[in-house]
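Undergrad: Here you go, one structure.
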Amino acid sequence: MPRVPTGTPGHMSETRYDAIVVGGGHNGLTAAFYLSRAGLRTLVLERRDVVGGACVTEEIAPGCRASTTSYIASMLRPEVIRDLDLQRHGLRMVPCEPGLQAVFEDGTVLPWWTDHDRTVREWSRVSAADARTFDRIDDRLKRLARYLQPFFLEEPPDVHARRWTRIREGRRVYKRVKGIGGDEITDLAEFLTGSLGDFLDRHFETEKIKRMYLANNVYGMHSPPYRPGTAIGLLFHLLSGGAEEEQGWFGHVIGGMGAITQAMAAAAREQGAEIRTEAPVARILVEDGRTRGVVLEDGTELSSTIVLSNADPKRTFLRLVQPDDLSDEFRGSVAAIKMDGPCAKVNMVLSEAPRWTGMPADADLNRRAFATLVPTLEGAERIYDVAKWGEIPEELWVDCVVASNVDPTLAPPGVHVMTCFVQYVPYRLREGTWDDHRDLLGKRVVDIVGRYAPNAPGAIQAMQVLTPLDLERTYALTEGNIFHGDLNIQQLFFMRPVPGWAHYRTPIAGLYLCGAGVHPGGGVTGAPGYVAAHKVLRDRSGRRARR
Ligand SMILES: Cc1cc2nc3c(=O)[nH]c(=O)nc-3n(C[C@H](O)[C@H](O)[C@H](O)COP(=O)(O)OP(=O)(O)OC[C@H]3O[C@@H](n4cnc5c(N)ncnc54)[C@H](O)[C@@H]3O)c2cc1C
């Protein structure tokens, strides 16, 4: 690995970089890999003492580690896994089997297996009619998801393109969707504009099957299930994932989600990237409308004519760039991005694994690792309504993963680690602050888990509660939004992060965005980092050709 002198606090570093990446989240690391591989001298600056952003493994009690934020790998792009050779750098993923499993109040435990026919058989125990509908609809959804799939590693269509570029863009989109016709167009319109709730009510009759779909969608979104546009989640979750490119794939990562970002960092370093932790960037330097580097919080200046920000758009443009360097109009549209994180995370160390009521005696450890405590559609609407007005709902939607069932490296023998993803909670509380209400949230989650696994509350040895405020403070997720901006239809594709600036470039020449705030959005995919890095490389070769 080439050694590059580090900057002296308070001074301009003598080293010039070809590219500086602000933030060592998984997208920043992915971008750094591709830039370094293309020969650019690349520096990653991460404010925390660990890379990974919201894709990390951290110790939550002595000897016990957890995926403190993201916890399931589902949409990590197979191209990124291959190019970065993540398996050689230590990444091991175990398919979640089932990929999803709901535990209901009446003791029914309903899995959604990877194997389609097995799921049809399993669901027909609940409703033969709904199992048949699933049989028919699953295939239809998977076919539609395949049309969207290529857009995941491409720039969104450029609706502002002119002349030849417009024709080229038209051709590109046409190539992707030319096979689509008839009923599929109607379906696509329904998924882009309709609500998940209406879709489910139209097609399914039993509440439990509807809850299975709910558990798989509107995840992390600031939307209740009957809001128009929420049906798109049905397609997102059917994009292929895992090294084998299976549609609707979900995986446990051995060593926790941080194993992904550690492998990414190793891959980037191998290509020559320099990665500095505990290096918070205070400002992105701009001169005459062009970026010329960054200033760290300790005053060190580092120069580069290309800067990629892995921080979210609000943080980038409203904090790291000076107000005078952007137009009021642009700042206004960034300020209007819907963030308002609706999620929290509660991570626990347990002296024994939860015993979910109704879990079949012959269930293996992988099956026992998953328990989604998902409300009814009406229940989800009600929870959302309470949270919307700044209150902490008494009922919550809790997604539990006992990762230590599948991965013994996380805790000493006999001890278990369970992570609980919680939805919907308010970012802004009507009264008091999250510092006052953190324990209340923890208690509510424990009570809910206890209803489905009565042994769990008494087995808790340690607990970490991450409220939206903690997600903001610790992980730099503005307003605690886990996707760097809500994944609603008005903030996707060519409208992400803001209309007119969906192509990774920004109003400041040389400054790009490379994190979840740009297309195709949040989740551990590597896709924004991949597309942004390729955009930078294309812009560079275009400039060279013009010269
Ligand atoms: C609680 C939670 C649960 C989730 N569950 C899942 C899941 O199960 N599966 C899934 O696929 N996705 C999940 N997600 C979403 C997913 O983790 C994120 O969308 C994704 O990790 C974002 O990656 P990123 O690289 O774009 O940004 P981030 O991971 O946010 O990385 C940005 C990095 O920039 C750094 N940074 C910011 N400002 C500065 C600065 N001024 N100077 C230096 N560094 C800076 C930050 O510290 C951070 O490391 C979850 C997220 C959360 C929070």
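Each row is one residue, and each column tells you yes or no for (1) without any contact (Cβ under 8 Å) to a residue 12 or more places away in the chain; (2) touching a helix residue (DSSP H, G or I) at 6+ places or on another chain (Cβ under 9 Å); (3) among the small types (Gly, Ala, Ser).
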| site | (1), (2), (3) |
| --- | --- |
| Ile275 | no, yes, no |
| Ser303 | no, no, yes |
| Arg315 | no, yes, no |
| Arg319 | yes, yes, no |
| Gly332 | yes, no, yes |
| Ala335 | no, yes, yes |
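Undergrad: Out of the residues in region 68-89 meeting the condition of being among the hydroxyl-bearing types (Ser, Thr, Tyr) and open to solvent by 10 Å² or more (accessible area, probe 1.4 Å), tell me which one is modelled with the lowest pLDDT.
TA: Once the filter is applied, the top-ranked residue is Ser74.
Undergrad: Turning to a different aspect of this structure: Does Ala259 meet the test of being part of a helix (DSSP H, G or I), away from the ligand (no atom under 13 Å from the Cβ) and among the small types (Gly, Ala, Ser)?
TA: Details: part of a helix (DSSP H, G or I): yes; away from the ligand (no atom under 13 Å from the Cβ): yes; among the small types (Gly, Ala, Ser): yes.
Answer is yes for this residue.
Undergrad: State all residues of region 114-144 that are among the hydroxyl-bearing types (Ser, Thr, Tyr) and part of a helix (DSSP H, G or I); if no residue qualifies, say none.
TA: Selection gives Thr119, Ser124, Thr133.
Undergrad: So, in region 75-113, exactly how many residues are farther than 19 Å from Arg211 by Cβ, in a loop (DSSP other than H, G, I, E, B) and either hydroxyl-bearing (Ser, Thr, Tyr) or under 17 Å from the mean Cα position of the chain (by Cα) (or both)?
TA: Going through region 75-113 one residue at a time, the tally reaches 3.
Undergrad: Would you pick out the residues in region 392-422 that are under 22 Å from the mean Cα position of the chain (by Cα) and more than 19 Å from His252 (Cα to Cα)?
TA: Residues satisfying the conditions are Leu396, Trp397.
Undergrad: So in region 90-99, with the set limited to residues that are surrounded by fewer than 20 Cβ atoms within 10 Å (Cβ to Cβ) and not basic (Lys, Arg), which one is farthest from the ligand (Cβ to nearest atom)? If you could, list the steps in order and put the result at the bottom.
TA: So the first thing to find is which residues in region 90-99 are surrounded by fewer than 20 Cβ atoms within 10 Å (Cβ to Cβ), and the list is 90, 92, 94-95.
Now narrow it down to the ones that are not basic (Lys, Arg): 90, 94-95.
Values: Gly90: 19, Val94: 15, Pro95: 15 Å.
Among them, the one singled out is Gly90.
Undergrad: Can you pull out the residues in region 274-312 that are within 15 Å of the ligand (Cβ to nearest atom) and part of a loop (DSSP other than H, G, I, E, B)?
TA: Thr277, Glu278, Ala279, Pro280, Glu297, Asp298, Gly299, Thr300, Asn310, Ala311, Asp312
Undergrad: Let me ask another. Given the criteria among the hydrophobic types (A, V, I, L, M, F, W, C), in contact with a Leu (Cβ under 9 Å, 6 or more places away or on another chain), within 11 Å of the ligand (Cβ to nearest atom) and not in a helix (DSSP H, G or I), does Ala243 qualify?
TA: no
Listed here are the residues, each with its yes/no results for (1) modelled with pLDDT under 95; (2) among the basic types (Lys, Arg); (3) open to solvent by 40 Å² or more (accessible area, probe 1.4 Å).
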| position | (1), (2), (3) |
| --- | --- |
| Tyr174 | yes, no, yes |
| Val177 | yes, no, yes |
| Asp183 | yes, no, yes |
| Thr193 | yes, no, yes |
| Asp201 | no, no, yes |
| Thr206 | no, no, no |
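Undergrad: Determine whether Val177 is on the phi > 0 side of the Ramachandran plot and either aromatic (Phe, Trp, Tyr) or touching a residue at least 12 places away in the same chain (Cβ under 8 Å) (or both). Before you say what the answer is, go through the steps one by one.
TA: Numbers: on the phi > 0 side of the Ramachandran plot: no; either aromatic (Phe, Trp, Tyr) or touching a residue at least 12 places away in the same chain (Cβ under 8 Å) (or both): yes.
For Val177, the condition - on the phi > 0 side of the Ramachandran plot and either aromatic (Phe, Trp, Tyr) or touching a residue at least 12 places away in the same chain (Cβ under 8 Å) (or both) - is not met.
Undergrad: A follow-up question, please. Please state which one of Ile489, Ile392, Ile448 is modelled with pLDDT under 95 and of a type in the set (A, V, I, L, M).
TA: Of Ile489, Ile392, Ile448, the one residue that is modelled with pLDDT under 95 and of a type in the set (A, V, I, L, M) is Ile489.
The values are calculated or read from the model by the stated rules, or taken from the named source; none is laboratory data. Only a predicted model underlies this, so the values are computations on that prediction, with no experimental measurement involved. Positions of Cβ are generated from backbone atoms using ideal geometry, with glycine treated the same way; all protein chains shown enter the neighbour counts. All accessible areas refer to the heavy atoms of the entire protein, side chains included, with ligands and DNA or RNA removed. Shrake-Rupley method; radii C 1.70, N 1.55, O 1.52, S 1.80 Å.
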